[in-house]
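Student: Dumping the structure here so I can ask a few things about it.
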Amino acid sequence: MARPRSELQTILEAIPGVNDAWFQEDGTKTLNYPVIVYERSDSFVSYADNLKYLFMKRYTVTVIVRSPDSPIPDLVEQLPFTTFDRSFKTSDLNHFVFNLYF
């Protein structure tokens, strides 16, 4: 079954170079870059004999850094069950978006 979100929080905070990791950041916090912002976005369910055999929550994880060459996005992409989705730049900050199943 899905693991607790607190474990994911600990993993994201432990990535070298990350100052903060926020779940469902609502725009009221002062972000200290580089930062990771993540939110629940979907689920994956696999069935066997009409029972849930595997259940994982999907999170959208956004790494926000000043430099487009930061190693932090690469470290996030190396986490298990993580895929790169897209990147964009806004307000002189680089955003790297990933889908992570946990």
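Values in this text are rule-based calculations from the coordinates and carry no lab data. All of these numbers come straight from a predicted model, not from anything done at the bench. FYI the Cβ positions are ideal-geometry reconstructions off the backbone, even for glycines, and counts take in every protein chain you see.
Student: Does any residue of the range 28-41 turn out to be surrounded by 11 or more Cβ atoms within 10 Å (Cβ to Cβ), in a strand (DSSP E or B), in contact with a Phe, Trp or Tyr (Cβ under 7 Å, 6 or more places away or on another chain) and of a type in the set (D, E)?
Tutor: yes
Student: Taking the range 23-42 on its own, how many of its residues are over 17 Å from R58 (Cα atoms), in contact (Cβ under 8 Å) with a residue 12 or more places away in the chain and β-branched (V, I, T)? Steps first, please.
Tutor: Of all residues in the range 23-42, those over 17 Å from R58 (Cα atoms) come to 26-35.
Then keep just the ones that are in contact (Cβ under 8 Å) with a residue 12 or more places away in the chain; that gives 31-35.
Within this subset, residues satisfying the condition of being β-branched (V, I, T) are 35.
Of the residues in that region, 1 qualify.
Student: Before we move on, is V63 under 10 Å from F96 (Cβ atoms), in a strand (DSSP E or B) and of a type in the set (V, I, T)? Let's see the steps before the verdict.
Tutor: Details: under 10 Å from F96 (Cβ atoms): yes; in a strand (DSSP E or B): yes; of a type in the set (V, I, T): yes.
Here the answer is yes, as V63 does meet what is asked.
Student: What is the residue count in the range 73-102 for residues that are free of Cβ contacts under 8 Å to residues at least 40 places away in the same chain, of a type outside the set (V, I, T) and in a strand (DSSP E or B)? Can you show your working first?
Tutor: Within the range 73-102, the first condition is being free of Cβ contacts under 8 Å to residues at least 40 places away in the same chain, and the residues that meet it are 73-74, 77-78, 80-92, 94-98.
Right, trim to of a type outside the set (V, I, T) and you get 73-74, 77-78, 80-81, 84-89, 91-92, 94-96, 98.
From the residues that got through so far, the ones that are in a strand (DSSP E or B) too are 84-89, 94-96, 98.
Within the range 73-102, residues that are free of Cβ contacts under 8 Å to residues at least 40 places away in the same chain, of a type outside the set (V, I, T) and in a strand (DSSP E or B) number 10.
Student: While we're looking at this one, here's another question. Can you tell me which residues in the range 4-22 are more than 17 Å from V65 (Cα to Cα), free of Cβ contacts under 8 Å to residues at least 40 places away in the same chain and not small (G, A, S)? Break it down into steps so the answer makes sense when it comes.
Tutor: At the first step, the residues of the range 4-22 found to be more than 17 Å from V65 (Cα to Cα) are 4-11.
With the extra rule that they be free of Cβ contacts under 8 Å to residues at least 40 places away in the same chain, the set shrinks to 4, 6, 9-10.
Within the range 4-22, P4, Q9, T10 qualify.
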